[in-house]
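Worksheet: the structure to be examined is printed underneath.
We did not get these values from a lab; they are worked out from the coordinates using the rules stated. Bear in mind that the values here come from a model prediction, so they are computed numbers and not experimental data. Positions of Cβ are backbone-derived with ideal geometry, glycine not excepted, and every protein chain shown enters the neighbour counts.
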Amino acid sequence: MPKPDDALLEARLSAVDPVAYAASRNHLGGAVTGLSPWITHGCIPIPELIDRFGLTGHDTLAFQFGWRAFFQHVWGHLGNGILADIRPGLPGIAYANVLPADIREGRTGIPVIDRAVATLYATGTLHNHARLWLASYVVHVRKVHWRPAADWLYAHLLDGDLASNHLSWQWVAATFSSKPYLFNADNVARFAPADWHSPGTPLDTDYAALEALARSPRAVIPFGQPEKELTEPPRLTAPPAHLLGADDFTLPPPDTDATLVHPWALHPGEGPRIGVIHLPFHQRFPWSEARWAFVLPRLRAVTDRIFVGDVGQLDGHFRAEATLNPDYREALAHLGAELTPPPRWPPDPATLCPSFSRFWASAGQPPPRRRWHA
Ligand SMILES: Cc1cc2nc3c(=O)[nH]c(=O)nc-3n(C[C@H](O)[C@H](O)[C@H](O)COP(=O)(O)OP(=O)(O)OC[C@H]3O[C@@H](n4cnc5c(N)ncnc54)[C@H](O)[C@@H]3O)c2cc1C
């Protein structure tokens, strides 16, 4: 099967500049690649990117690919354990289990937060720094448990990945790191455009005060006047009807030689191929319409047909790329599908590395030049 035409991916690839990336990636207007939706869905494997851009472990871009690989590594060892606190977080705080409406509707009155939510809904993506700021505000200022917030962000991202997303939230919350990630208005002013700046807000303070705030059980209530209220786009537990074909809900006839292609393996392959959307997963982890619109056409382009439903009902002997996504993983195991590991870079250390630096060294890479992934 030839490679599907993906002009947007080609444009993104042509624009990648590893030198400019290293110099500017922390800035919201920096030379980031925008490749994560394609990487997340397996359209382009990291080893191919390493080759294409001639990268080594000394390059900042490769180092960031390393963070993704580290999160996948932890997921491989802890499985669904990444969906709950990995270690106790800050003591004595009763985090809320619901994400407040003013955050979801972009009307906290704090420009950096409201801009981040507006950008997320409008584009399905968010710069790494904006994700860190949003997560830190939600957990440490508003005292919301990272899990409902991580589920919400996951639902709206085109690149939503349970490992990179949920483990980053835990890293910010200090349930997967030794201290909370904190930021102030000066940090926003350094890395974001003017309309994100948040002087005079509760974030306009020093790090000692922020640390005390994070460790205090008291949430800081919404502040100031929002410019406008946003409507949260729906989180859909199944593909929207306009993206589906008449036969997509029909069980395919028994097959003894087909490859099942799930949404994280959207690349071409040989032989008969059935695209699968396993609804039990999507009922637990809904996606935005924009994400369905990203995935469905690409899934269709690399398969002969699509089946939407309970993949456990299929009959036959199948092959598939292994996935750690819950429900899909169990359904493929139930079918006894022959699994091949997804391509990886760097090589995955056999035993669990509890920190990125341990992972990076165990994978044979040069010492990191800094501690943080922001
Ligand atoms: C709270 C939070 C939630 C996140 N959720 C996700 C998610 O659901 N899916 C996801 O792919 N990434 C997630 N990230 C990591 C990172 O923000 C995105 O990978 C990055 O912003 C995607 O944009 P880009 O492709 O332009 O990245 P670039 O900076 O161009 O990096 C290239 C690639 O390297 C990888 N990468 C870069 N930085 C990181 C990082 N810090 N952690 C892990 N991988 C990285 C990604 O695959 C990315 O596509 C999250 C980070 C935070 C702080």
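Taking the Cα centre of the chain as reference, the dipole from Cβ charges on Lys and Arg (+1) and Asp and Glu (-1) amounts to some 1220 debye.
For region 6-97, the Cα-based Rg and Dmax, in that order, read 16.8, 51 Å. Each Cα pair under 8 Å and six or more residues apart adds its sequence gap; the mean of these over the residue count of the chain is a relative contact order of 20 percent. Summarising the amide proton neighbourhood of Val276: residues at separation of 5 or more, or on other chains, whose placed amide H is nearer than 5 Å comprise Val261, His262, Phe307. Of the residues Leu126, Leu157, Cys353, the one whose Cα sits farthest toward the positive end of the charge dipole of the chain, with +1 on the Cβ of Lys and Arg and -1 on the Cβ of Asp and Glu, is Cys353. The fewest-to-most ranking of Ser362, Ser14, Ser164 by surrounding Cβ atoms within 10 Å reads Ser14, Ser362, Ser164. Shape verdict for region 241-340, please, from the Cα gyration tensor: rounded (a/c under 1.5), prolate (a/b greater than b/c) or oblate. Rounded is the answer for region 241-340, as its axis ratio a/c remains below 1.5.
Taking the Cα centre of region 86-215 as reference, the dipole from Cβ charges on Lys and Arg (+1) and Asp and Glu (-1) amounts to some 320 debye. Radius of gyration (Cα atoms) of region 60-155, expressed as a multiple of 2.2 N^0.38 Å: 1.18. Residues whose amide H falls under 5 Å from that of Ala174, counting only those 5 or more places apart or on a different chain, are Tyr181, with hydrogens built in the peptide plane.
Ranking of Val19, Val32, Val276 by neighbouring Cβ atoms within 10 Å, starting from the fewest: Val19, Val32, Val276. Taking amide H as placed 1.01 Å from N in the peptide plane, the amide H of His317 sits under 5 Å from that of Asp255, Thr256, Asp257, Ala258, each at least 5 places away or on another chain. By the beta-carbon count within 10 Å of each Cβ, the least crowded to most crowded order of Tyr328, Tyr207, fewest first, is Tyr207, Tyr328.
A quarter of the convex hull surface defined by the alpha-carbon atoms of the chain gives 18.4 nm² as the mean projection.
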